[in-house]
Structure formats: C-alpha cells, structure tokens
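Worksheet: the structure to be examined is printed underneath.
The values are calculated or read from the model by the stated rules, or taken from the named source; none is laboratory data. All figures in this text were calculated on a predicted structure; none of them were measured in a lab. Neighbour counts are summed over all protein chains in view; Cβ atoms, including those assigned to glycine, are modelled from backbone coordinates with ideal geometry. To get the accessible areas, we keep the full protein, side chains included, count just its heavy atoms, and leave off ligands, DNA and RNA. Shrake-Rupley method; radii C 1.70, N 1.55, O 1.52, S 1.80 Å.
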Amino acid sequence: LEQDIDDLQRVIDLVKRGQFPRADGNRIGALGGSYSGLHVLRLAIRDPDAIQAALLLGPPTDAFELRRQYEAGTFLPPFGLDQAL
C-alpha cells in the first residue's frame with residue numbers, strides 16, 4: 001500500500017508544479033471506493049496538506065464487526081446490497 005501512496009504523492013506533486021494542463025494545483029481532491037478508499041485515507045493521514053478534499057465511496061469498514069453481526073444473525077447489508085446481489 002505504501003508504494004501506491006508514494007505514486008499518488010508523485011502525481012500530486014506534478015499537479016502542484018503545473019505539469020497537468022488545466023489542473024488547479026491549489027485545489028486537489030481525491031476520490032476512492034472500497035480498496036482505493038484505503039489509499040485516499042492513508043494519503044490524507046500521511047500528508048494532510050496533499051489534498052484539500054476526499055470523497056470515499058464505500059469506505060473501508062470494520063470487517064470484524066460485519067463478521068460478528070453475520071454470525072449473530074443481525075447483519076443487514078447496507079444500501080440494499082442484498083437486493084442487488
């Protein structure tokens with residue numbers, strides 16, 4: 001995961017140096033979902049000034065708690081996922 005975060009940091013550095021046409025290096029946001037949400041979250045923790053906004057779609061969850069609920073018979077899939085599956 002840390003090598004991926006290093007890559008993200010390099011891209012952000014390029015944006016801030018004006019290497020991406022029409023990109024505003026002063027207003028950088030990151031979007032992540034599920035596994036890539038870990039990347040965005042880790043980047044924000046590692047370097048709080050790297051991005052100004054983060055949007056996590058299906059962010060990381062407590063898998064141990066989900067398993068406990070499943071085994072207890074109290075698990076309810078979020079967002080109607082049970083119907084989608």
Fill in: Accessible area (Å², 1.4 Å probe, nearest 10) - GLU2
80
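Could you give the length gained on full extension between ARG68 and LEU38, defined as 0.36 nm per residue of separation minus the Cα-Cα distance, in nm?
8.6 nm
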Item to complete: Just add up the charged neighbours of GLU2: K/R +1, D/E -1, any other residue whose Cβ is under 15 Å from the Cβ of GLU2.
Response: -1
Worksheet entry | Dipole in debye (nearest 20) - the chain, about Cα centre, beta carbon charges: Lys, Arg +1; Asp, Glu -1 | 280
Practice prompt. Principal axes first, then extents: for the Cα atoms of the chain, list largest minus smallest coordinate on each axis, whole Å, largest first.
Written response: 53, 25, 17
Practice prompt. Provide the net charge surrounding THR61, with neighbours chosen by a C-beta distance below 14 Å and charges set as Lys +1, Arg +1, Asp -1, Glu -1.
Written response: 0
Response to the item:
The whole-number value in µm²/s of the Stokes-Einstein translational diffusion coefficient for segment 1-43, with Rh from the Kirkwood sum over alpha carbon pairs at 10 °C and 1.306 mPa s, is 145
Worksheet entry | For the chain, accessible area per residue (1.4 Å probe, heavy atoms of protein chains only), Å² | 78
Discussion item. Sort 39-52, 12-25 by the packing proxy (mean of other Cβ within 10 Å over each peptide's residues), most packed first.
Written reply: 39-52, 12-25
Worksheet item: Taking K and R as +1 and D and E as -1, what net charge do the other residues with C-beta under 13 Å from the C-beta of ARG42 add up to?
Response: -4
Worksheet entry | Accessible-area composition of the chain, carbon plus sulfur, in percent [1.4 Å probe] | 58
